[in-house]
1. Taking only segment 20-39 into account, find how many residues are loosely packed, with under 10 Cβ neighbours inside 10 Å and among the hydrophobic types (A, V, I, L, M, F, W, C).
2. Scan segment 41-57 residue by residue and report those that are under 16 Å from SER18 (Cβ atoms) and surrounded by 10 or more Cβ atoms within 10 Å (Cβ to Cβ).
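Nothing in this text is a laboratory measurement; each read-out follows from the coordinates by a stated rule. Predicted model only: the values in this text are computed from it and were never measured. Neighbour counts run over all protein chains shown; Cβ positions are idealised from the backbone, glycine included.
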Amino acid sequence: MKRFRWQLSLGLSLVTVSVILYFVHYAIFQDAHHIFIFLVADIAFVPIEVLFVTLIIHQLLNEREKRAILKKLNMVIGAFF
């Protein structure tokens, strides 16, 4: 439960910051149509962002895991020779 608490608070704070920034944008430009057009475009791009981020992070984690396994394997080989 504690693990999800910081994630929930981070998510709520990011949404709050986003709402505040949209409000400031509306206060400056007085154009709700423009805000909603870009909001829909941003929401539509989220799956693509998630795809790119997960592929990159997955690749980085695989490379890190391979290096760790090779390091351990080299230690085992070095112990025998």
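1. Quick first cut of segment 20-39, residues loosely packed, with under 10 Cβ neighbours inside 10 Å only: 27-28, 30, 33.
Then drop every residue that is not among the hydrophobic types (A, V, I, L, M, F, W, C), which leaves 27-28.
Going through segment 20-39 one residue at a time, the tally reaches 2.
2. Those that are under 16 Å from SER18 (Cβ atoms) and surrounded by 10 or more Cβ atoms within 10 Å (Cβ to Cβ): ASP42, PHE45, GLU49.
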